[in-house]
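Read the structure below first, then the notes.
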Amino acid sequence: MDASATPDEQLVRLLRQGDLVAFDRLYDRYERRLHGYIRRMLGTDDGADDLFQDILLTVLRDRTYDPGRGRFAAWLFMVARNRCLAEQRREHNRGALREQARVHLEPAAPAAPDANGETGRVHAAIASLPEPQRQLLLLKQVGELTYREIAELLGVAEGTIKSRLHAATQAFRRALTEGTGS
């Protein structure tokens, strides 16, 4: 069998037997998608590399993934989602403290300039969405998870995911249009 065609679940089994080549294959398969998902969930590149590496270490040592219970990709993105949400909570708390410190130290600090260009507009539109809608879009578009996988990850019906994704897509389009002034 072609090594690149080896199913994720088989690679996980090999990894658990100590085959580090299996880890390399999983890494290569998910590096771009997972790293992109983490960056978009965090809304910044700051900390994304560290979190990405930490999640991959989880893959190496965690035995909670059961290859017989579903796709590895769905499990991996569930781990990433949970870690990103925890990091967002930490950053929110840290940001609140920073803001209080800034107010006391620099009461007239200028606002940060807005991101420009098409990429900046897209990122701003995604960031403006409510957290549940942002997560759905990122899981579907960046994580490339199926409706079923997202439904299992979030514990809701597949039809509910489809309707919520439709609403999230509409909200994204509105945010993007409003961001251009059209």
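Kindly state, to the nearest 0.05, the FRET efficiency for R63 paired with R89, given R0 = 30 Å and r defined as their beta-carbon distance.
With a Förster radius of 30 Å, E is 0.70.
State the extension gain, in nm to one decimal, for the chain segment bounded by E131 and R32, taking 0.36 nm per residue of separation less the distance between their alpha-carbons.
Full-extension gain reported as 33.4 nm.
Highest mean first, what order results for 162-171, 148-157 on Cβ atoms within 10 Å?
148-157, 162-171
Evaluate the distance, in nm, between pseudo-label points positioned 7 Å from the Cα of D54 and of A157 along their respective Cα→Cβ axes.
Taking the simple label geometry, D54 and A157 are separated by 3.7 nm.
What is the extension gain from R148 to Q10, computed as 0.36 nm multiplied by their sequence separation minus the C-alpha to C-alpha distance, in nm to one decimal?
Stretched out fully, the R148 to Q10 stretch lengthens by 47.6 nm.
For the range 20-26, take each phi angle, set θ = phi - 60°, evaluate the Karplus expression 6.51 cos²θ - 1.76 cosθ + 1.60, and give the result in whole Hz per residue in order, putting x for glycine and proline.
Result, ordered by residue: 6, 5, 4, 4, 4, 5, 5 Hz.
Rule-based calculations on the coordinates, nothing more; no lab input. Since we're looking at a predicted model, the values are computed, not measured. Note: ideal-geometry Cβ built from the backbone for every residue, glycine included; neighbour counts use all protein chains shown.
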